[in-house]
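Take a look at the structure below.
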Amino acid sequence: MTSETPNPVVLSAVLERQTVKQPVQLYRMSTSEHECPWGLKAVALLKDKGIDFEDHKLATQEETEAFKAAHQVTTTPQVFFGGERIGGYTDLAAWFDVEAKGIVLLFSAATANTTKLQEQEIVVHHHSSVFRSDRLL
């Protein structure tokens with residue numbers, strides 16, 4: 001038996017059957033001080049795929065920590081399809097067989113030997129300690 005990439009139409013049909021009784025649920029940090037960029041990416045991906053979902057915004061750090069402890073996870077967002085935990089944004093992207101896109105941060109950092117500032121681009125990959133740094137002088 002060969003392993004094939006799932007057909008998006010088939011995935012949508014399976015998802016529809018699974019969520020008749022239990023809808024897709026997204027839990028993400030959304031406080032007045034911080035809007036989780038990975039949560040926003042999950043929202044965009046679900047909308048792009050035409051998936052109806054319940055958007056549960058975790059409004060405080062305490063609420064976020066309680067959610068993570070209750071579900072034994074270390075990060076948000078977390079997505080559930082029909083009661084089954086899919087995972088975070090990168091897991092959701094993998095489930096749909098699409099590339100998870102990183103977040104680009106531009107910042108200035110003083111070098112150790114000079115006061116000249118250098119611009120650096122950091123591409124951060126969620127759930128990974130690996131990142132790329134390129135100097136943009």
| In the stretch 64-86, the residues that are in a strand (DSSP E or B) and farther than 13 Å from Met29 by Cα | Phe80, Phe81, Glu84, Arg85, Ile86
| Considering only residues of the stretch 46-63 that are basic (Lys, Arg) and outside any loop (DSSP other than H, G, I, E, B), which is nearest to Thr31 (Cα to Cα)? | Lys57
| Would it be correct to say that Glu119 is over 18 Å from Leu40 (Cα atoms) and modelled with pLDDT of 70 or more? | no
| request: Check Gly50 against each of (1) touching a residue at least 24 places away in the same chain (Cβ under 8 Å); (2) surrounded by 11 or more Cβ atoms within 10 Å (Cβ to Cβ) and name the one condition it does not meet. | output: (2)
| field | Residue selected from the stretch 71-94 under the condition out of contact with any helix residue (DSSP H, G or I) (no Cβ under 7 Å at 6 or more places or on another chain) and small (Gly, Ala, Ser), by the criterion surrounded by the fewest Cβ atoms within 10 Å (Cβ to Cβ) | value | Gly83
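The values are calculated or read from the model by the stated rules, or taken from the named source; none is laboratory data. It should be emphasised that the depicted structure is a prediction, and the values quoted were computed from it without experimental measurement. Every residue, glycine as well, gets a Cβ built from its backbone with ideal geometry; the counts of neighbours run over all protein chains shown.
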